[in-house]
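Following this message is one structure expressed as structure tokens.
Each reported figure results from applying straightforward, stated rules to the coordinates on display, with no laboratory input. All of these numbers come straight from a predicted model, not from anything done at the bench. Note: ideal-geometry Cβ built from the backbone for every residue, glycine included; neighbour counts use all protein chains shown.
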């Protein structure tokens, strides 16, 4: 039962990683590609770590997986922000879609 | 008080990461924790920002909320990537007000925006945060300010 659950989690997580990769190729510009990469950052990593955690059971290994999750939780948004911020300061203009919100920025 | 609880936390972390519980190694761990505590105390880095004890009571609710948001946002972005039942992307750049009173609250808010796929914080200054969103819906959801009120901010509980 636990094996099935962890296989499902690992499978869905891996699938999300592949979909994120497809998204990076499909989206038109740097900023939108960053969003596609965001799916691999977050849910993909969470599901894979959770799947591995079920395999590890209640052990020190599970605690280490949890620590990896904690560090990802804090570092991956910071890294994404640093990328987007650097691109904006480098003068890369985002492609904007229809009806751009307030348009103040 | 903070120093002691920080020490306990560090020692627990050390013991769990090493996985060895012999008296010699435990005492070596205790010595290194004591040294770290001494240095951290001298550098004055154990403050409300690096060790936000006061926010811990709010953390579980925030964590549950952010996890839910991450799952929902992931499904939205995956739909856009695979073009299943989506209206197509329409990237937006919006400016949001920052109602958080503290730097820590602002940083948590900005990171939470980035953590949910489909929205990335591009610029953060004192009163405003500039966000790039993948879709109009994602931008509208942020503009509604729903996430902003969930952010643990230390002045809010006074």
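Need the full-extension length gain, residue A:95 to residue A:75, defined as separation in residues times 0.36 nm minus the C-alpha distance. One decimal, nm.
Full extension from residue A:95 to residue A:75 adds 4.5 nm.
Plugging the Kirkwood radius over Cα pairs into Stokes-Einstein for the range B:57-150, at a temperature of 37 °C and a viscosity of 0.692 mPa s, what D comes out in µm²/s?
It comes out at roughly 240 µm²/s.
I've got another one for you. Once every DSSP H run of n ≥ 4 in chain A is given -39500 (n - 2.57) and the sum is divided by its residues, what mean residue ellipticity at 222 nm do you get, rounded to the nearest 500 deg cm²/dmol?
-25000 deg cm²/dmol
Compute the FRET efficiency between residue B:35 and residue B:59 as 1/(1 + (r/R0)^6), taking r as their Cβ-Cβ distance and R0 = 25 Å, and round to the nearest 0.05.
0.30
Another question, if that's okay. Could you grab the Rg to Rh ratio for the range B:2-43? Cα atoms only, Kirkwood for Rh.
Computed over Cα atoms, the ratio is 0.99.
Rounding to the nearest 10 and keeping the result within 0 to 90°, find how far the Cα-based axis of helix A:30-39 lies from the longest principal axis of chain A.
Here the helix axis deviates by roughly 20 degrees.
Kirkwood Rh over Cα pairs of chain B into Stokes-Einstein at 4 °C, 1.567 mPa s: D in µm²/s?
It diffuses with D of about 70 µm²/s by this estimate.
Using the scaling law 2.2 N^0.38 Å as the reference, what is the normalised Cα Rg of the protein assembly as shown?
Computed over Cα atoms of the protein assembly as shown, the ratio equals 1.13.
Same structure again: Roughly what would the spin-label model give for residue B:27 and residue A:86, points 7 Å off Cα along C-beta, in nm?
About 4.8 nm separates the two model spin labels.
Same structure again: To the nearest µm²/s, what D does Stokes-Einstein give for chain A at 37 °C and 0.692 mPa s, using the Kirkwood radius over alpha carbon pairs as Rh?
Once the numbers are plugged in, D ends up at 209 µm²/s.
How large is the Rg to Rh ratio of the range B:1-84 when both quantities use alpha carbon positions and Rh follows Kirkwood?
Value, to two decimals: 1.23.
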